[in-house]
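The values are calculated or read from the model by the stated rules, or taken from the named source; none is laboratory data. Quick caveat, the model's predicted, so the values are computed rather than measured. Cβ sites come from the backbone with ideal geometry, for glycine too, and all protein chains shown count toward neighbours. For accessibility, only protein heavy atoms count, side chains too; no ligands or nucleic acids. Shrake-Rupley method; radii C 1.70, N 1.55, O 1.52, S 1.80 Å.
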Amino acid sequence: MTDLLRFITCGSVDDGKSTLIGRLLHDLGQLADDQLDALDSDSRAHGTRGAERDFALLFDGLTAEREQGITIDVAYRFFSSDKRAFIVADCPGHEQYTRNMVTGASTADLAVILLDATRGVLTQTRRHAFLCHLLGIRRFILAVTKMDLAGFAQDEFDRHVADFTAFAATLGLGEVTAIPVSGVGGDNVARRSAAMPWYAGPTLAEQLDTVTVDSATGGPLLLPVQGAIRPDRSFRGVTGLIAGGSLAPGDAVRILPGDVRTTVAQVLIGAAPVDAATAGQSVILTFADEVDCTRGDVIVAANDPPAVADQFEATLVWMDSDALLPGRGYWLKLGTQSVSATVQPPKYRIDVNSLDQLAARTLELNEIGVAEVYTDRPIVFTPYADNRTLGGFILIDKLTNATVAAGMIHFALRRSSNLHWQALDISREAHARIKGQRPRILWFTGLSGAGKSTIANLVEKKLHALGRHTFLLDGDNIRHGLNRDLGFTEADRIENIRRIGEVARLMADAGLIVLTAFISPFRAERELVRGLCAPGEFVEIHIDTPLAEAEARDPKGLYAKARAGELANFTGIDSPYEAPDAPELRIDTSAMSAEQAAQAIVDFIERG
Amino acid sequence: MALATLDRLEAEAIHIIREVAAECAAPVMLYSIGKDSSVMLHLAQKAFAPAQPPFPLLHVDTTWKFRDMYALRDRAVAASGMQLIVHRNPEAVARGINPFDHGPLHTDMWKTEGLKQALGAGGFDAAFGGARRDEEKSRAKERILSVRSAAHGWDPRRQRPELWNCYNARLSPGESLRVFPLSNWTELDVWTYIQRENIAVVPLYFAAPRPTVVRDGVILMVDDDRFRLADGEQVETRTVRFRTLGCYPLSGALESDATTLDAIIAEMRASRSSERQGRAIDHDSAGSMERKKREGYF
């Protein structure tokens, strides 16, 4: 049985990365004749080496890559020796593709960092070593390439290795093996170089074959639950890929975050029971007790549980062209847990070239920073250094569904476990009961001039007449008091809505029916408030008026000002309005009067 | 001890299938009857045992597959107990689109358009496919979860970063996913796994005497009487097998004596040619697979 080594190759543009890997595959006899024929014809058409075979063209398969002679995205290559199977993530060198490099590094056990002997340690060399280190790679091969152009000279090699080693020490990089190679000539790639008799170490192929890599099997059990399996009443199992440790029937385990204790009855792979399973295996488990265990739970060793918290510090790699918006709600996925999360303003960002910590208010595409992350409910995690699966997460934009960031957790914040909700003797249910009503937040959203305040005011009057306890929060009024420190930038608008959401929820806790009338232009923030509320409590009411109609009404003269350029960031003019996808109520003001609209809303509320 | 290659690949594929089944509203598994499909179906069954996989199988049929393939399809599906949806592009049926008269249009109408129709008709938001990254250069650059636009197009420059084994399966309205659980498998991995797990595959992968014609240097099998002989062409019996299977007039055979899995694996280890050399549709022009994928091909 062979084992599998996943590695990444990285280096600067034009340092011969593709040439080196192409040479390695060729000399190991891994390239088929028809692939070589195609390569030779490609080399004649697009190559940069005249009539010679240009191994770089083996990998750049996309049309745009061939046209521009650059690598756009990670390419995965497969080869094997007698001892091992290999998966190589061949990563682009350009700075703007940092996110692709991080993608490739996230699944690698080892990194081959290329260093051009004619140029020495470059900024890119440092960046890539840093990124690999950040992603948790602990084994490195430093391939000093183009030794043929450096006269195969030992002192050149030694000088570069000394430079790199000095830098590696500042990073705390793991084990580094330096090898002098030439991709063009194949020196020390798969066969020993006659031109460098002074080098006694392994060839690249030998090192890849023999390097030992820490497996993730050590440490306590960590098993994120993917789902439940219940074909009939006789079988109840849960599924998942073991992320750390191992597992056998009879083991005592805890199910987090609920902290239920039970014992493993059976471990199966497919339909076959096994004596034990270890990290990296996909299993099905049954328990000795009828316990509740569903997707998002984590099964852990009874005596060594990881953290359960809703606040932690993490390193973030920002991967989207839209910058990080501190305070905005993003989906956070960690293992099989999906929650809503907000990121605090970064403590600093890291200059990947100098490794300096710089002040930052946000993170732009390809920037890396450290920030606190708050989740809307406690999640189960470990520090990234302990386990990649339970310590690494992605952030997803709620509107575009793009993966916008990769995160690596440092530690839980202490206040996360020390700050408890004050237990109150008079519960929110008790407050509601004495008022004889179901608390609600009626969240009116729509363009300026759509009629939100007018209709909300009528609704409140009608509810009041029915003996309901209500309160109306109005946008302008709040901005005169609670939120007078906020402006109209995107970030301030998000904070405005967040505070109003919190206030509205406190009032609902007091048993009131709360009405809010704010433009609240971003879907993500409205969803954030919805997430604060009990199911059914948040009633989103879209006062739907076409822009042209609202602008024609212009009750406060604001559209005229915005059109005249006297008012920036005005919703509908130079700032977007994101209409609700599925509001509880949609009021078409061109089809009904304000009075009819208010009655429709009251009817909806009174129905329950 | 580190896990062996096949165990790691199996665990990863099962993980992917379960993640997508948990997070997507309406997944479907493409079943094209080849060796990769056979392995993928087996993995799906292992992922949810002893329950059924929570999605149906879909065969986008061109009507031009080998007869042996249709026979295996019906046997394998019956054995699995899963639902099979067979879709044939009605326009291609009506126009009699075939590989002899219509060239690249054959693939476009039956496979690309047929697939889009079938996914739309079923309201599927994720489709598992058995493609592997070692097959072709543009595949090597594709994510395991590949987002396709409402028009089913693939944009290689706008792929989501894909970290660890943490997959983002969220979609905007109209978008869908192509999911490749076998992304990190090689052809040899597929065969050694078929051997280890004793998975049934189409007999055409094993050498046997078959009626053949050599056309443009490619050995084609005359599978039924729809095959049109050109002037001077003779049907001859040759002992051949197939490395990949598609529409029979487009699949090149190789002369071989490999009648067992051991012999197939030994032959492949010694082979000096790549898997898809015999596939006519891959050689239309440089970058043709990338172009097909941009248009919605699997």
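Through the Karplus equation 6.51 cos²θ - 1.76 cosθ + 1.60, θ set to phi - 60°, convert the phi angles of the stretch A:570-585 into ³J(HN,Hα) values in whole Hz; use x for Gly and Pro.
Per residue, the Karplus-derived 3J(HN,Hα) values read 8, 4, x, 9, 10, 9, x, 10, 9, 5, x, 6, 9, x, 5, 9 Hz.
Please identify the trypsin sites (Lys or Arg not before Pro) of the stretch B:161-234 that satisfy two criteria: DSSP loop assignment and at most 14 other Cβ atoms within 10 Å. Which are they?
B:ARG226, B:ARG228
In the stretch A:236-349, if the dipole is taken from +1 on Lys/Arg beta carbons and -1 on Asp/Glu beta carbons about the Cα centre, which of A:GLY237, A:ALA248, A:SER338 is farthest to the positive end?
A:SER338
Tabulate in residue order the Karplus-calculated ³J(HN,Hα) for the stretch A:485-494, using 6.51 cos²θ - 1.76 cosθ + 1.60 with θ = phi - 60°, rounded to whole Hz; enter x for Gly and Pro.
Running phi through 6.51 cos²θ - 1.76 cosθ + 1.60 with θ = phi - 60° gives 7, 9, x, 10, 5, 4, 5, 5, 5, 5 Hz.
Whose amide H sits under 5 Å from the amide H of A:ARG295, counting only residues 5 or more places off or on another chain, with H placed in the peptide plane?
Residues meeting the criterion, in which the H sits 1.01 Å from N, are A:ALA228.
Starting from the residue with the highest accessible area, list A:PHE488, A:PHE393 in decreasing order, probe 1.4 Å.
Most to least solvent-accessible, the answer reads A:PHE488, A:PHE393.
Could you give the nm distance between label points at A:ARG433 and B:THR239, where each point is 7 Å from its Cα heading toward the beta carbon?
It is 8.7 nm.
With a cap of 11 neighbouring Cβ atoms within 10 Å, and only residues DSSP puts in a loop, list the trypsin sites (Lys or Arg not before Pro) found in the stretch A:336-377.
For trypsin sites (Lys or Arg not before Pro) across the stretch A:336-377 that sit outside H, G, I, E and B with at most 11 neighbouring Cβ atoms in 10 Å, the list reads A:ARG361.
Mind checking the mean number of beta-carbon atoms from other chains within 10 Å of the Cβ atoms in B:4-14?
6
Using DSSP loop states and a limit of at most 11 other Cβ atoms within 10 Å to flag GluC sites (Glu not before Pro), what is the longest stretch of chain A containing no flagged site?
A:1-289
On a 1.4 Å probe surface of the protein chains, which of A:HIS469, B:HIS87 comes out largest in accessible area, and what is the full order?
A:HIS469, B:HIS87
If you count only protein heavy atoms with a 1.4 Å probe, what accessible area per residue comes out for the stretch A:232-273, rounded to a whole Å²?
Value returned for the stretch A:232-273: 43 Å² of accessible area per residue.
With +1 on each Lys and Arg Cβ and -1 on each Asp and Glu Cβ, how big is the dipole of the stretch B:66-162 about its Cα centre, in debye rounded to the nearest 20?
Dipole magnitude for the stretch B:66-162 comes out near 280 debye.
Under 5 Å between amide hydrogens, which residues at least 5 positions from A:SER246 or on another chain qualify, with H placed 1.01 Å from N in the peptide plane?
It is A:LEU221, by chain and number.
Please give the per residue accessible area of the stretch A:84-137, computed with a probe of 1.4 Å over protein heavy atoms only, in Å².
Per-residue accessible area for the stretch A:84-137 comes out at 20 Å².
Got a sec? Charge dipole of chain A, +1 on Cβ for Lys and Arg, -1 for Asp and Glu; which of A:LEU222, A:LEU135, A:ILE368 is way out at the positive end?
Looking along the dipole axis, the top candidate is A:LEU222.
Ignoring ligands, DNA and RNA, what percent of the 1.4 Å accessible area of the protein assembly as shown is carbon and sulfur?
Roughly 50 percent, rounded to a whole number.
Would you be so kind as to list the residues of the stretch B:158-192 that have their accessible area lowered by at least 50 Å² in the full protein complex compared with their chain by itself (1.4 Å probe)?
B:PRO161, B:LEU163, B:TRP164, B:CYS166, B:ASN168, B:ARG170, B:ASN184
Mind ranking A:SER321, B:SER138 by accessible surface for me, highest first, 1.4 Å probe?
Ranked from most to least accessible, the order is A:SER321, B:SER138.
Across the stretch A:269-283, in residue order, what do the Karplus-derived ³J(HN,Hα) couplings come to in whole Hz, using 6.51 cos²θ - 1.76 cosθ + 1.60 with θ = phi - 60° and x for Gly and Pro?
Karplus values, whole Hz, x for Gly and Pro: 10, x, 8, 9, x, 10, 6, 6, 9, 10, 3, x, 9, 8, 10.
Would you please give the FRET efficiency between A:GLN599 and A:GLU502, computed as 1/(1 + (r/R0)^6) with r the Cβ-Cβ distance and R0 = 22 Å, to the nearest 0.05?
Approximately 0.15, to the nearest 0.05.
Report the accessible surface area buried between chains B and A, summing both sides, using a 1.4 Å probe on protein heavy atoms only, in Å² rounded to the nearest 100.
Roughly 5500 Å² of accessible surface disappears when B and A pair.
Is the stretch B:100-198 best put as rounded, prolate or oblate by its Cα gyration tensor, with a ≥ b ≥ c the root eigenvalues, rounded for a/c under 1.5, and otherwise prolate when a/b is larger than b/c, oblate when not?
Because a/c hits 1.5 or more and a/b fails to exceed b/c, the stretch B:100-198 counts as oblate.
Just tell me which lysines come within less than 28 Å, Cα to Cα, of A:LYS435; anything on the same chain fewer than 8 places away is out.
A:LYS452, A:LYS461, A:LYS462
With +1 assigned to the C-beta of every Lys and Arg and -1 to the C-beta of every Asp and Glu, and no other charges, what is the dipole magnitude of the stretch B:152-236 about the Cα centre in debye, to the nearest 20?
Computed charge dipole of the stretch B:152-236: roughly 540 debye.
Per-residue ellipticity at 222 nm for chain B, helices alone: DSSP H runs ≥ 4 residues times -39500 (n - 2.57), over residue total, nearest 500 deg cm²/dmol?
So the calculated ellipticity at 222 nm is -9500 deg cm²/dmol.
Distance between Cα centroids, the stretch A:186-253 to the stretch A:553-573: provide it in whole Å.
That distance is 60 Å.
Report the accessible area of B:THR5, computed with a 1.4 Å probe over the heavy atoms of all protein chains in place, in Å² rounded to the nearest 10.
Counting only protein heavy atoms, B:THR5 exposes about 10 Å² to solvent.
Based on the inverse mean of 1/r over its pairs of different Cα atoms, what is the Kirkwood hydrodynamic radius of chain B, in Å?
After inverting the mean inverse Cα-Cα distance, the result is 19.9 Å.
Would you tell me the accessible area of A:ARG99, worked out with a 1.4 angstrom probe on the heavy atoms of the protein chains, in Å² to the nearest 10?
Ignoring ligands and nucleic acids, A:ARG99 comes out at about 50 Å².
Suppose every K and R has +1 on its Cβ and every D and E has -1 on its Cβ; what is the size of the dipole of the protein assembly as shown about the Cα centre, in Debye to the nearest 20?
Using only the charged Cβ atoms, the result is roughly 1600 debye.
At 222 nm, what helix-only mean residue ellipticity would chain A give, in deg cm²/dmol to the nearest 500, using -39500 (n - 2.57) for each DSSP H run of four or more?
-8000 deg cm²/dmol
Is the shape of the stretch B:25-173 best called rounded, prolate or oblate, per the rule: a/c under 1.5 gives rounded, else a/b larger than b/c gives prolate, else oblate, with a ≥ b ≥ c the square roots of the Cα gyration tensor eigenvalues?
Taking the square roots of the gyration eigenvalues as a ≥ b ≥ c, the stretch B:25-173 is oblate.
Within chain B, what is the number of lysine pairs with alpha carbons under 21 Å apart, leaving out pairs fewer than eight places apart on the same chain?
16
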